[in-house]
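A short write-up of the structure that comes next.
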Amino acid sequence: MAHVVFTSHLLRHVRCPESTVPGNTLAAVLQGLFDAQPQVRDYVLDEQGELRKHVVVFIDGRRALDRERLTDPVGEASEIYVLQALTGG
């Protein structure tokens, strides 16, 4: 099962402890996480179910590429990091 970690920036706004979640795509892992921790969904996904503009996900050290359908593959022992991207000037 994939290990999901949220960075401290998101932890300031919503309770989202580290979790171990089954799934073979990012979408499946996130859905399992949202089932267990529904308060996290609105901080990660927008109204269309896509990653929010200022949220970035890394799977095993690589940035998730499919922001819309979340079809990036996830391995049995994957490490997934969800963080708030910092933008501005």
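Things to note:
- When the residues of the stretch 40-58 are filtered to those that are under 13 Å from the mean Cα position of the chain (by Cα) and open to solvent by 50 Å² or more (accessible area, probe 1.4 Å), the one that is modelled with the highest pLDDT is F58.
- Test for L86: is it more than 15 Å from V21 (Cα to Cα) and touching a Ser or Thr at 6+ places or on another chain (Cβ under 9 Å): no
- Scoring R67 on the criteria (1) touching a residue at least 60 places away in the same chain (Cβ under 8 Å); (2) more than 21 Å from P17 (Cα to Cα) leaves a single failure, condition (1).
- Every condition in (1) within 13 Å of the chain's Cα centre (by Cα); (2) among the hydroxyl-bearing types (S, T, Y); (3) over 17 Å from L70 (Cβ atoms) holds for S8 except the one numbered (1).
- On the stretch given as the stretch 58-83, residues that are assigned to a loop (DSSP other than H, G, I, E, B) and of a type in the set (V, I, T) total 2.
- A77 vs. criteria among the small types (G, A, S), more than 11 Å from the chain's Cα centre (by Cα) and closer than 22 Å to H13 by Cβ: no
- Complete set of residues in the stretch 14-57 that are in contact with a helix residue (DSSP H, G or I) (Cβ under 6 Å, 6 or more places away or on another chain), assigned to a loop (DSSP other than H, G, I, E, B) and farther than 19 Å from G75 by Cβ: V14, C16
- Qualifying positions in the stretch 3-13 - open to solvent by less than 70 Å² (accessible area, probe 1.4 Å) and assigned to a loop (DSSP other than H, G, I, E, B): T7
- Among the criteria (1) touching a residue at least 60 places away in the same chain (Cβ under 8 Å); (2) surrounded by 17 or more Cβ atoms within 10 Å (Cβ to Cβ); (3) not β-branched (V, I, T), the one G23 does not fulfil is (1).
The values are calculated or read from the model by the stated rules, or taken from the named source; none is laboratory data. What you see is a predicted model; the values in this text were computed from it and never measured. Note: ideal-geometry Cβ built from the backbone for every residue, glycine included; neighbour counts use all protein chains shown. In case anyone asks, the SASA skips ligands and DNA or RNA and just uses the protein heavy atoms, side chains included. Shrake-Rupley method; radii C 1.70, N 1.55, O 1.52, S 1.80 Å.
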